Amino acid sequence: MLEKLNTHSVADALRYFSGIQLKDYGGVGGIKTVNIRSMGTHHLGISYDGVQLGNAQNGQIDLGQFSLDNIEEITLYNGQKSAIFQPASDFGNAGAIYIRTKAPEFSMHNYKLRFKTQYGSSDMFRFSTLWEQKLSETVSSSVSAGFLTASGKYKFRYERRFPNGETAWDTTAIRQNGDIHAERIEANLFGRLNNGGWQLKGYLYNSARGIPGAIVNNVWRRGERQQDLNTFFQAAFDKNIGEGFSTRWLAKYAYYNTHYVNKDSTQLPVDNRYKQQELYISTANVLELLPNWSTSLSYDFKWNKLDADIYNFAYPTRISNLVSLATAVDYKHLKAQGSLLATFINDRSHRTAVASLQKLTPAVFVNIYPFKGTFFSMRAYVKKSFRMPTFNDLYYTDMGNASLVPESALQYDAGFALNKHFERGIVRHVEMHFDAYYNTVHDKIVAYPKGQQFRWTMLNLGKVHIKGIDVEAEADFQVGKDLVATTRAQYTYQDARDVTDPSTSYYKHQIPYIPWHSGSAIVGLTYKDWNLNYSFIYAGERYDEQENILYNHMEPWYTSDLSLRYQFIVHSSKFIVQAEVNNLLDQDYEVIVNYPMPGRNYALSLTVEI
């Protein structure tokens, strides 16, 4: 499905999950972050081959930098992963996304090669390659590399109205300063052991991009530029010892270098460099006490450091120790899982003394299978979690607040799942998931004006109550001998209210950028070597500020994407040609206010597999 959709990065694929809100600042090179069930980006853990991606500076992961060219699977869990054999830090998130790279598989040859090239609108050119090699009967390797360049220019309509309804601006312009030049390379070693395995990974992403900025006051150009050099190395080792004991060890070192420049003549010039380091070590161990009862003990150590060439910078360092104890029961019609995570964090900076924090966060998950087989199940969970203030929240010059406390969340969820396969007939597979949930977020960290222009501070002011429903359904059809149809739809309802202060004008108003209604649909038709795929994404009305007034109202938007794919074989090599039309109806819309998205755009790609 990932190959057939018009998706090129992890961020593109996540648009089709329920309960997810993607913040997209527009264009090929625009920053793309994700939010789960209105709780914010920081409450979502993102793991790449079992190891969490981190950003202690601002807590946000730009998912646009992770290509789908060598991705095997993307999985979303609300609450946490439905297994106790996992790192301690995985028990601490309100939700988790697991990205798994493709492990090599060989049949006729000891190698596989894949080349993909794509050209599209906004002068976009993308090239990627994947080389898989069998080194021995137990060791294999893969190297994935990619290159992306685009001018980022596209036409957009800019329309703004005064509160009385009169038109302030209504014009068509070309998006400027949205160019990107990026290279990515990833190398993996995979090894098999008796009752176990190991993996080594090295990753490098280098990019230089313009930051087009918001279109305000009829200003179309910006002077902001950003360069990123992100590298990390990680290792994983798994081993089953005897009948009832398994152990997993993880290690990672990451180095992120960000160079931000602002040469906008209307603002003070900025030229800053940020250097971020992370060291991570984890061990997870699970013991089967009885055939239907197991328990796990996990420990994570994490060290983060941030340097910058800013005057009076705090130079913060954070040491985190996490210990989790979990147990799981699988007996007849019942599966239950309980966990308790203990977190110990120590912060040190040049401005403040050592600050320490200890937190206990429990969780309970229950699945019931009332009928024989597993085609229908009911589930429920309750979980407490928190997120630490980022380095920017605590120490950013003229903005940070070192006395911030963690932002806490409490989640309740109940739902059911239906999954049924059919050997005969037109309908071959039916699946449905339904969840109703209630979340509360307390001590929410918000930026609050100090009274001087351009001077803000971070305070624990926010309280948010969230009610929601997630529905997913999919079905596969076999029509005749050669025609296969696949359908998938998801719908999300979210009522996320700010309940911080009854005296404010926005008390019990919907929080910014959260639509009440959103959803997506996918229809795919496969006939022999041809595939036609249509996808639809919808986001309902929402507000871009705290007050739900007409001036802050954002209209609903929807996009339709279409792709046609044909594959053929030449001398045992597979060729795939794909044509794409995105935003088929050429709708003018914004995901983030004043950041116009591209209109109708095109792409043509060729993939060769040897």
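The values are calculated or read from the model by the stated rules, or taken from the named source; none is laboratory data. Note that this is a predicted model, so its numbers are computed, not measured. Ideal geometry is used to build each Cβ from the backbone, glycine not excepted, and the neighbour counts take in all protein chains shown. With ligands, DNA and RNA removed, areas are computed over all heavy atoms of the protein, side chains included. Shrake-Rupley method; radii C 1.70, N 1.55, O 1.52, S 1.80 Å.
Between PHE477 and VAL364, the distance separating the two model label sites (each 7 Å from Cα on the Cα→Cβ line) works out to 4.4 nm.
Placing +1 on each Lys and Arg Cβ and -1 on each Asp and Glu Cβ, with no other charges, gives the chain a dipole about its Cα centre of roughly 600 debye.
When the charge dipole of the chain is built from unit charges on Cβ atoms (+1 for Lys and Arg, -1 for Asp and Glu) and taken about the Cα centre, the candidate among SER356, THR41, PHE147 whose Cα reaches farthest toward its positive end is SER356.
Taking a ≥ b ≥ c as the square roots of the eigenvalues of the Cα gyration tensor, the range 78-157 is oblate, since a/c reaches 1.5 or more and a/b is not larger than b/c. Summing charges over neighbours of PHE386, with a neighbour being any other residue whose Cβ is under 12 Å away from its Cβ, gives +3 when K and R count +1 and D and E count -1. Calculate the translational D of the range 514-597 in whole µm² s⁻¹ from Stokes-Einstein, where the hydrodynamic radius comes from the Kirkwood formula applied to all Cα pairs, the temperature is 10 °C and the viscosity 1.306 mPa s. Rounded to a whole number, D works out at 103 µm²/s.
Computed over protein heavy atoms with a 1.4 Å probe, the accessible surface of the range 306-369 works out to 54 Å² per residue. Dipole of the chain computed with +1 at Lys/Arg Cβ and -1 at Asp/Glu Cβ about the Cα centre; of LEU250, GLY468, MET378, farthest Cα towards the positive end is LEU250.
Going by average Cβ neighbours within 10 Å, how do the peptides 361-374, 595-608 rank, with the highest at the top?
Working: 361-374: 14.1, 595-608: 18.1.
Descending mean neighbour count gives 595-608, 361-374.
Bridging of LYS23 to lysines at a Cα separation below 20 Å is possible for LYS32, LYS153, LYS444, once same-chain residues fewer than 8 apart are set aside.
Starting from 0.36 nm per residue, how many nanometres of slack lie between TYR602 and LYS275 once their C-alpha separation is accounted for? Could you put the intermediate results ahead of the total?
Details: separation 327, 0.36 × 327 = 117.72 nm, distance 3.72 nm.
Full extension from TYR602 to LYS275 adds 114.0 nm.
Could you tally up the Lys pairs in the range 212-370 with alpha carbons closer than 19 Å? Skip any pair fewer than 8 positions apart unless they're on separate chains.
Numbers: LYS239/LYS252; LYS252/LYS275; LYS252/LYS302; LYS252/LYS305; LYS275/LYS302; LYS275/LYS305; LYS302/LYS359.
Within the range 212-370, the lysine pair count is 7.
Only Lys, Arg, Asp and Glu carry charge here, each on its Cβ (+1 for the first two, -1 for the last two); on that basis the range 523-595 has a dipole of about 760 debye about its Cα centre. Counting only aspartates and glutamates at least 8 places from LYS383 when in the same chain, those with an alpha carbon closer than 14 Å to its own are ASP90, ASP413.
Using a ≥ b ≥ c from the Cα gyration tensor of the chain (square roots of the eigenvalues), is it rounded, prolate or oblate, where a/c under 1.5 gives rounded and otherwise the larger of a/b and b/c decides, a/b for prolate?
Verdict is rounded for the chain.
At full extension, SER82 and LEU290 could sit 73.0 nm farther apart than now, given 0.36 nm per residue minus the alpha carbon distance. Rounded to whole Å, the principal axis extents of the Cα atoms in the range 272-383 read 66, 27, 20, largest first. Structural descriptor for the chain: relative contact order 11 percent, calculated from alpha carbon pairs under 8 angstrom and at least 6 residues apart.
When averaged across all projection directions, what area in nm² does the alpha-carbon convex hull of the range 52-125 cover? Before the final figure, lay out each step's value.
Details: hull surface 34.2 nm².
For the range 52-125, the mean projected area of the Cα convex hull comes to 8.5 nm².
For a modelled paramagnetic label at ASP586, 7 Å from Cα along Cα-to-Cβ, the residues of the range 101-130 in reach, with backbone nitrogen under 16 Å, are 121-122. Counting only protein heavy atoms, what percent of the accessible surface of the chain is carbon or sulfur at a 1.4 Å probe? Solvent-exposed carbon and sulfur of the chain make up 58 percent of the total.
Here the relative contact order of the range 354-414, from alpha carbon pairs under 8 Å that lie six or more residues apart, stands at 31 percent.
Each peptide among 511-518, 15-22, 105-112, 233-240 gets the average number of other Cβ atoms lying within 10 Å of its residues, and from highest to lowest they stand as 15-22, 511-518, 233-240, 105-112.
Taking the Cα centre of the range 473-515 as reference, the dipole from Cβ charges on Lys and Arg (+1) and Asp and Glu (-1) amounts to some 60 debye.
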